[in-house]
Each structure stands twice: as structure tokens, then as C-alpha cells.
Amino acid sequence: MSPIVKVTSLTKQFNNLTAVQDLSFSVNEGDVYGFLGQNGAGKSTTIRMLLTLIKPTQGTVEIFGKELSKHRNEILREVGAVIEKPDVYKYLSAYENLKLFARLSGMKVTSQLLMQQLEKVGLAGRAKDTVKTFSQGMKQRLGIAIALVHDPKLIILDEPTNGLDPQGIADIRNLILHLSRDLNKTVIVSSHLLSEIEQVATRVLIINKGKKIIEGNAEALFDPSQTIVELQTFNNEEALRQLQASEWKENIQPRRDESLLVKLDKKQIAAFHRDLVRMNIEVISVQPRHSLEDYFLQVTSGKQHVDSYTN
């Protein structure tokens, strides 16, 4: 399957700050693609480059098989986005806002279509109410209705649950699932909340300080049978060399500090211990980390340095 979005070696520098560094990833058609990282990790900068709001320092973006820099207008006609809090007119009704933005995008829309869009996001019953009476969650849903009015193939949501109460968060979560499962949309959703991404994503990318940490299928990454084992030895570089030359090389994860990280099925841990002994690796400690959330916190902590490497 060809990816609907393909990002290659994307980098963005602001003077002396490198906000995004050599970032590559792909989004397949039909994905709910969870884009995870702490605040300041580079998520919003990346999304703004995907929407041509800022220009990359280097790297390429392809969407729908076309290079974004060469086919900008054609591509963006098939993309809908909500970046942080949606900009809407608070003294207009939800219906009037939607109608206005549809006209600005060049759409010829009927009242029936506008009401259908509001129905999709659960706002049909408040169509005539002014936006100033809406909760933040309702404003977010209106923003998504505006992003959907031209029936895009790809929807990009940047931190859509920021500032919402638990009910608002649940509403946005259910709306994302509806967009994917019922409307067959491809959705990229960024968040610093792993627990929210865990409930909606089919694939996940974690970034930290502008660099990719891990990318994969959500089913595998969130598998409760999988464990991240943190290994400390008397010579981590030599231990790493031996592990890379062993059957465990595919299990090695990006490092944090001086520790080695290995992803294992719980049933593999005993065999891993035996192989450490067989390879004469002098172990200081082996500590299981039982969830992706723990791993996420390890590799994205501001007090820790992640040194990525490839086999």
C-alpha cells in the first residue's frame, strides 16, 4: 500500500534552534496516525510544515503521491485541519460560521449539506446558537466541521483535546473514531497525552526534541504482553555490540542515558537472561518497564538524552 503521506528527512531550524531534525515517517490510507511527544517536541512545527504554513529548512513532504512544494494548492484542497484552538466568529451561529468558511473555500453548499456536516460532529441541535455560548469542546467540534466541509481525504488535528474537560475529551475521541470507521477518513492527530492516542490510533509516532524515537503499529506498541527491559552493564558499548550481533538485534530500542533498552515479550525474558550469561555480559541490573507509557516517559523526559542509532 502506498502511503498517503510520506515525510523524508524533514528538518526545520529557527536561528540556533533545531525544532525538527531529520524526521521521516509515513501515514497509510485509513490510518488514525497518533503523533506523540511532550509539549515542545516539534509536533506543531511538523504539522505546520505539512500544511505549508512554514517552510522546511530541508527535506521533502509527499501527500497523495505528489510533492507538496510543487502541488500545494491541488493537495491542500483534499486536506482539512484544525490547529490548536479553531478560529471561529463567536457572534455568529454554528451554521453561519460553517456557511462562511465554506464560501471562503470556494464551496457551493446547500443548507442540507451544512446541517449534515453539523450532524456529523454532534452540533445539529445547536446550529442556530451563537458560538459565544459554546463550550471549548463544542468549539473544537465546530472547527472539525469546518475542516470537513469540503470532504477532504486527509484530516490533521493538532492537540484537539487541549483545554477540554473529560466529557469534551471523550466527545473528540469518539468523533475521531467516527471519522475513521464510519467516514473512511485518514486522520493525523497530535497529542502529548499517550492515554488518549492509545484509545484511537492505529499507528503511532513518538518524537522528542524534534527527532523520531519510535514508530509502529499501535496494536504492537500497546500490547500489554510486551515489556521494555532496561539493561545496565559494566560495559554498555560492548554489550550493545554483542546484542546487535545476536538474535536480539531486532529487539533493541533507542537508548536513554547510558542504559540499553530491549523490547521483549514477557515469555522471552528468561531466555534473554540466559543469553546475557552465555555472552559473558556483566550485568549490573535488568529492570522491566511494563508499559509503553513508562517507556514514553523515559525517552521523552526533559532530564534525559536520547541517543538514537540504527542497526
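Computed over the chain, relative contact order equals 19 percent, with contacts defined as Cα pairs under 8 Å that lie 6+ residues apart. Computed from point charges on the beta carbon alone (+1 for Lys and Arg, -1 for Asp and Glu), the dipole magnitude for the range 1-114 about its Cα centre is near 360 Debye. Peptide packing for 157-164, 23-30, 278-285 was compared via the average number of neighbouring C-beta atoms within 10 Å per residue; ordered from the highest value, the list is 157-164, 23-30, 278-285. Rg over Rh for the range 16-162 works out to 0.99, using Cα positions for both radii and the Kirkwood form for Rh. Taking every alpha-carbon pair within the chain, the share separated by more than 34 Å comes to 31 percent. Calculated [222 nm] ellipticity per residue, helices only, for the chain: -9500 deg cm²/dmol; basis is -39500 (n - 2.57) per DSSP H run with n ≥ 4, divided by all residues, nearest 500. Within the shell defined by Cβ-Cβ distances under 11 Å, the residues around Phe134 carry a net charge of +4, with Lys and Arg each +1 and Asp and Glu each -1.
Rounded to the nearest 20, the size of the Cβ-charge dipole of the chain about its Cα centre is 1080 debye, with Lys and Arg at +1 and Asp and Glu at -1.
In this label model, Gln287 and Ser246 are separated by 2.0 nm, measuring between points 7 Å along each Cα→Cβ vector. Heavy-atom accessible area, probed at 1.4 angstrom with all protein chains present, ranks Thr110, Thr60 as Thr110, Thr60, highest first.
When the Gaussian network model of the chain links Cα atoms closer than 10 Å, the mean-square fluctuations of Ala245, Ala201, Ala19 top out at Ala245. Taking the protein heavy atoms of the chain in the context of the full set of protein chains, the accessible area attributed to carbon and sulfur is 47 percent at 1.4 Å. On the basis of the beta-carbon distance and an R0 of 22 Å, Leu100 and Gln136 show a calculated FRET efficiency of 0.60. Per residue, the range 1-100 exposes 52 Å² of accessible surface when a 1.4 Å probe is rolled over the protein heavy atoms with every protein chain present. Solvent exposure of the range 156-205 amounts to 38 Å² per residue of accessible area, where only protein heavy atoms count and the probe is 1.4 Å.
The values are calculated or read from the model by the stated rules, or taken from the named source; none is laboratory data. Predicted, not measured: the structure shown is a model, and the values here were computed from it. Here Cβ is always computed from backbone atoms with ideal geometry, including for glycine, and neighbour counts include all displayed protein chains. Areas reflect the complete protein model, heavy atoms only, side chains present, ligands, DNA and RNA absent. Shrake-Rupley method; radii C 1.70, N 1.55, O 1.52, S 1.80 Å.
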